[in-house]
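Here the structure is laid out as structure tokens; the discussion comes afterwards.
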Amino acid sequence: MTLLAGAFVLLAAFVTATVSGVLGMAGGLLLMGALLLVLPATTAFVVHGLLQLVSNGWRGWLHRRHVRWRIVGWYAVGAVLAAAAVAAVSYAPSTPLTYLFLGLVPALVWLPEGVLRLDASRPPHAVAAGLAVTAVNLLAGVAGPLLDVFFVRADLGRHAVVATKAATQVLSHAAKVVLYGGPLLGGGSTGGGLPVGVLLLAVPLSMLGTAAGGRLLDRMSDASFRSATRWVVSGIGLTYLVQAARLA
């Protein structure tokens, strides 16, 4: 990996963690797309999983008093089932297909609330969230907009939404690292050419970005929080559909 590419990964880690710290998602979408520009798809999945694991874990810790652990527990049940199912299937991520998935997933934020009456605070729905979100995360690399569908109707403030989603995403990204990471992280550098040193530097930058995003979140209202999320994610999705078409 060139010095410029390494610097790009570090910048992406900080900026996308900041976005996630504000919106509770979107940063993951941005980071995956950025990593696909400089890394093979499978390596991008693993690096994305590691950085998002740290980013979400740190965000959950910063807002730990707002985490709804009952939701997280039921979500974990579905996440384990999804990971077991995907592990039984041979799937190799590719760059064009991943961009296509990344472009389609954001469309979920425009579903009318009455179409899918999902509420993560209800145990059956939390299990369904763990199953669906983890499966999509393992196949597309990112599933934040799908997770948001389960929180739109939940009676939670913006801090509880961000904190609880972060805790659930720790599980999904951990599954991604476990399933795809073994062969890539066994040596001195990741299999796609990302030096471990770059990855180690990206971790604290991701944590700093998360903290910065948390400060911005404190200045937002619940209404502006939900509106901004929808438009930002949609713009990212459209960009990825264009990229998928270009690579096809």
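A single member of L10, L29 is at pLDDT below 90 and farther than 19 Å from A126 by Cβ, and it is L29. From the list L139, L147, the lone residue that is within 23 Å of P106 (Cα to Cα), hydrophobic (A, V, I, L, M, F, W, C), modelled with pLDDT of 85 or more and in contact with a Lys or Arg (Cβ under 8 Å, 6 or more places away or on another chain) is L147. Residue-level check: of (1) in contact with a Ser or Thr (Cβ under 8 Å, 6 or more places away or on another chain); (2) at pLDDT 80 or above, L179 misses just (1). Screening region 208-239 for residues that are out of contact with any Gly (no Cβ under 9 Å at 6 or more places or on another chain) and hydrophobic (A, V, I, L, M, F, W, C) and picking the one that is modelled with the highest pLDDT gives L208. Residues in region 82-95 that are exposed (fewer than 15 other Cβ atoms within 10 Å of the Cβ) and either part of a helix (DSSP H, G or I) or of a type in the set (A, V, I, L, M, F, W, C) (or both): A84, A85, A87, A88, V89, A92. All of L104, L205 fail the test of being under 23 Å from D218 (Cα atoms) and modelled with pLDDT of 85 or more, apart from L205. Restricting attention to region 1-46, the residues that are more than 18 Å from S234 (Cα to Cα), outside any helix (DSSP H, G or I) and in contact (Cβ under 8 Å) with a residue 12 or more places away in the chain total 3. Scanning region 119-130 for any residue that is in contact (Cβ under 8 Å) with a residue 24 or more places away in the chain, surrounded by fewer than 21 Cβ atoms within 10 Å (Cβ to Cβ) and of a type in the set (S, T, N, Q) turns up at least one such residue.
The values are calculated or read from the model by the stated rules, or taken from the named source; none is laboratory data. The shown structure was predicted, so the numbers you read here are calculated from the model rather than taken from an experiment. Because the Cβ atoms are built from the backbone with ideal geometry, glycine has one as well, and the counts that use them run over all protein chains shown.
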